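Notes for the one structure printed next.
The values are calculated or read from the model by the stated rules, or taken from the named source; none is laboratory data. All values reported here derive from a predicted model rather than from experimental measurement. All Cβ positions, glycine included, derive from the backbone under ideal geometry; neighbour counts span all protein chains shown. The accessibility values were calculated without ligands, DNA or RNA, using every heavy atom of the protein model including side chains. Shrake-Rupley method; radii C 1.70, N 1.55, O 1.52, S 1.80 Å.
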Amino acid sequence: QFPFGRRLPCDIYWHGVSFHDNDIFSGQVNKFPGMTEMVRKITLSRAVRTMQDLFPLEYNFYPRSWILPEEFPLFVDEVRMMKDSDPSWKPTFIVKPDGGCQGDGIYLIKDPSDIRLTGSIQSRPAVVQEYICKPLLVDKLKFDIRLYVLLKSLEPLEIYIAKDGLSRFCTEPYQEPTLKNLHQVFMHLTNYSLNIHSGNFIHSDNVNTGSKRTFSSILCRLSSRGADVKKLWSDIISLVIKTIIALTPELKVYYQSDIPAGKPGPTCFQILGFDILLMKNLKPMLLEVNANPSMRIEHEQELSPGVFENVPSPVDEEVKVAVIRDTLRLVDPQKKKRKDTQLSYDYSHLTFTTAKSAGFHSPVLQVGMKDKQHKHHSLKLSLKLKFYLKLGLCQTSEHVPEASEELLGAGPVDRGDSDPPRSSEAGLPSLCLKQVFPKYAKQFNYLRLVDRVAALFIRFLGVKGTTKLGPTGFRTFIRNCKLSNSNFSMAAVDILYIDITRRWNSMGVDHKESGMCLQAFIEAFFCLAQKKYKSLPLHEQVASLIEFCEYRLAALDEKRLVCGRG
């Protein structure tokens, strides 16, 4: 344990909440810079909305959203227009505080006038979304799915999805929202942290029953009813890949700020929790993404009034132990060395120690690898010693239907590149984490337009470690790409920069630095694309301008290279 920081470097640093240690110069960290900010409800909604503007059909898995308080007038006007065009439309909306978690502050409304505007929205921004009124029910109960996704690398993009997840149930039979039942949180909100306080919550030793079950048990049940489970998995994987594609542009800006290119620094990976709701027609809808999903494998049980004890949760063990064990197998820094030297390695001799970075209260897990001759030490983090041992020693049963092995209809998942050598892991089960990207990159690369816009943004940032573009950088971008002309003068360029930057800064988006944030640059880029290519759909306009800019910059780089040689 390192309460005042670390003196020796580690292979793997396991931070409890977020990336926060600027003294790491090597190894791997289990958090990406900026991930916590990126998956907040407002930031996620903005990122997905940008993609919905470009590809509306591909991103229809996220409910229509408005950001409060800034878009409250727009919300009121759009709801009124929709009601006027369809008098039979009787919507319900759900209001979610931006920084809320575990169901805190969430409530349902039937009309925009019901939003609690007095003080709270001004001091605590929120997202209001269309409520999904017709969810899939099991045993007459609403439920959601928590799927674990490993973002192993940002550049190149590498994504793994766990074959199993958790299904978390409401504790009161579901009815469509009415003014009488809007306040019944145990009927409408699937949050485990809320429903555990219900008298109807069932802790079960069976993964197929109770208020928390494995997702695979739900898939088996759906399959027995004739549902197309293979298509459902395909849709879920598509949702995950598209969501991460929406997040990566801004993550890359954060990454280059905290770990500038050319300077020593760690590589990053992160386990994300995707919360997904299935509609009655089995269409998956994204509820939110959690940057710090709970990895507890126990729950509190009240023995007598005020007296609690921690009790193991078989469902959580089934899913979470496999996720962390296989994450460590995939990022194991010794794997390449073992492949090169053909030496076997015993994972049961991983050593775990907890730590706290100086000045931070979030736990950090330092993972070191030692020989059998070294004494094996383990300390409790939030989990028990048994949990550590399971990471390397436990065989876990897998109930996922065969369809999940043929994700996206591409046949059985390849194990050649993903799994570590059999000789070094003879006692371990096959990986529960299956690669979906770059495995299916060809099917999704056309969506990565904003990634290329972000690359242009990063190129013109100038000073390393910044996340905002100054006016000089924006003018240089325009000049180098030859985007100004008689119809769009440099004075017009300055006005565009000032107007868009001022509007985004007024939204309260990161006042630490002055200048144009990535989202503002994307808006300006879309505006330039619409000016230059007027007759095309938006995504073709943006793609055309990207290719134009990349061509101009490549020619400029070539010219500089030739001059340098001369």
Open item on the list: I'd like to compare 439-450, 546-557: which one has the highest average count of other Cβ atoms within 10 Å, and what's the full order after that?
Closed with: 439-450, 546-557
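Going by accessible area, probe 1.4 Å, with all protein chains left in place, what is the ranking of Val311, Val29, largest first?
From most accessible down to least: Val311, Val29.
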- [ ] Once every Cα of segment 110-214 carries one equal point scatterer and solvent is ignored, give the base-10 log of I(q)/I(0) from the Debye formula at q = 0.10 Å⁻¹, two decimals.
- [x] -0.42
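A 30 angstrom limit on the alpha carbon distance is what I want to check against. Which of Lys96/Lys434; Lys142/Lys163; Lys41/Lys252; Lys110/Lys163; Lys83/Lys134 exceed it?
Working: Lys96/Lys434 32 Å; Lys142/Lys163 22 Å; Lys41/Lys252 19 Å; Lys110/Lys163 37 Å; Lys83/Lys134 19 Å.
Going by Cα-Cα distance, Lys96/Lys434; Lys110/Lys163 fall outside the 30 Å limit.
So what's the net charge close to Tyr107: Lys and Arg +1, Asp and Glu -1, counting the other residues with Cβ under 10 Å from its Cβ?
Values: positive: Lys96, Arg116; negative: Asp114.
Residues close to Tyr107 contribute a combined charge of +1.
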Task: Amide proton proximity set for Glu158, modelled H, under 5 Å, gap of 5+ - done: Lys152, Ser153
Open item on the list: If you count only protein heavy atoms and use a 1.4 Å probe, how large is the accessible surface of Met38, to the nearest 10 Å²?
Closed with: 0
TODO: In whole Hz, with x marking every Gly and Pro, tabulate ³J(HN,Hα) for segment 538-551 from phi via Karplus 6.51 cos²θ - 1.76 cosθ + 1.60, θ = phi - 60°.
DONE: 4, 5, 6, 4, 5, 4, 5, 5, 4, 4, 4, 5, 4, 5
- [ ] At most 13 other Cβ atoms within 10 Å and a DSSP loop assignment: could you name the trypsin sites (Lys or Arg not before Pro) in segment 158-205 that fit?
- [x] Lys180
Open item on the list: What are the ³J(HN,Hα) couplings of segment 280-294, residue after residue, when phi is run through the Karplus curve with 6.51, -1.76, 1.60 and θ = phi - 60°? Round to Hz, x for glycine and proline.
Closed with: 4, 8, 6, 6, x, 10, 7, 8, 6, 10, 9, 6, 9, x, 4
TODO: Can you grab the distance from the C-alpha centre of segment 171-230 to the C-alpha centre of segment 462-533, Å, no decimals?
DONE: 47
